[in-house]
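See below for the structure under consideration.
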């Protein structure tokens, strides 16, 4: 199969996954009336069910990785060329950010906002290592049984990992980067990801753009130029993230 449909599948699938993760977190928190356990239950169930559906849909197209670590593992097993693997990682990261923006838009929030939840420390890193190991073990162990079984196994594992890991199981670099761009229930503090300055600049730009757009809408003077500048900002964000992912990939192979 040609590369473009596969990249599109990875972008779309990862975007939908993040929209599910963040959107269900927002809805769960709003309806739980301060009960964090209930909000986490809603968040984990929605993520597990959503992953099941997304893997069923996209696995025949791209393998439904939705995760640079899964792509890296596939590359290391010689199941994926290096060029394709790098393209997948970029598509996944850009899709994750797009999913955050979609979820925020659906709930009428700023498109991007810096995360605030502290998720760092030895326990958190051990939890992430455990969650990632378990995810890869589940994927490579269940692949032999076919796509429906694989989809159910991965969805079930991720839903469970929300509860048995201290970090609520990110286990995905693209997801981690994107969740630093949301201050909602599913967010993570940018400093704990390692690019606090970049996230601050991006979210501040989005916030100022939103404020400017609101002011011009009130006075009825929103111009085509402002809309074009807003679209350019989004493209710059995606391009910048893609550059970071590509640069880190090149350093890893160097």
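The values are calculated or read from the model by the stated rules, or taken from the named source; none is laboratory data. Remember, predicted model here, so these are calculated numbers, not experimental data. No Cβ is skipped: glycine too gets one built from the backbone with ideal geometry, and neighbour counts run over all protein chains shown.
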Legend entry - Among (1) in a helix (DSSP H, G or I); (2) surrounded by fewer than 23 Cβ atoms within 10 Å (Cβ to Cβ); (3) touching a residue at least 40 places away in the same chain (Cβ under 8 Å) - the single one residue 38 does not satisfy: (3)
Legend entry - Positions within segment 7-22 being surrounded by 24 or more Cβ atoms within 10 Å (Cβ to Cβ) and either within 13 Å of the chain's Cα centre (by Cα) or within 14 Å of residue 178 (Cβ to Cβ) (or both), in sequence order: 10, 13, 14, 15, 17, 18, 21, 22
Inset, instruction - Could you tell me which of the residues 155, 187 is under 16 Å from residue 118 (Cβ atoms) and in contact with a helix residue (DSSP H, G or I) (Cβ under 8 Å, 6 or more places away or on another chain)? - result: 187
Inset, instruction - May I ask you to verify whether residue 68 is within 30 Å of residue 1 (Cα to Cα), modelled with pLDDT of 95 or more and surrounded by fewer than 16 Cβ atoms within 10 Å (Cβ to Cβ)? - result: no
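Matching residues to (1) assigned to a helix (DSSP H, G or I); (2) out of contact with any helix residue (DSSP H, G or I) (no Cβ under 7 Å at 6 or more places or on another chain); (3) within 19 Å of residue 165 (Cα to Cα):
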site	(1), (2), (3)
9	yes, no, no
28	yes, no, no
33	no, yes, no
43	yes, no, yes
50	yes, no, no
53	yes, yes, no
59	yes, no, no
69	yes, no, yes
73	yes, no, no
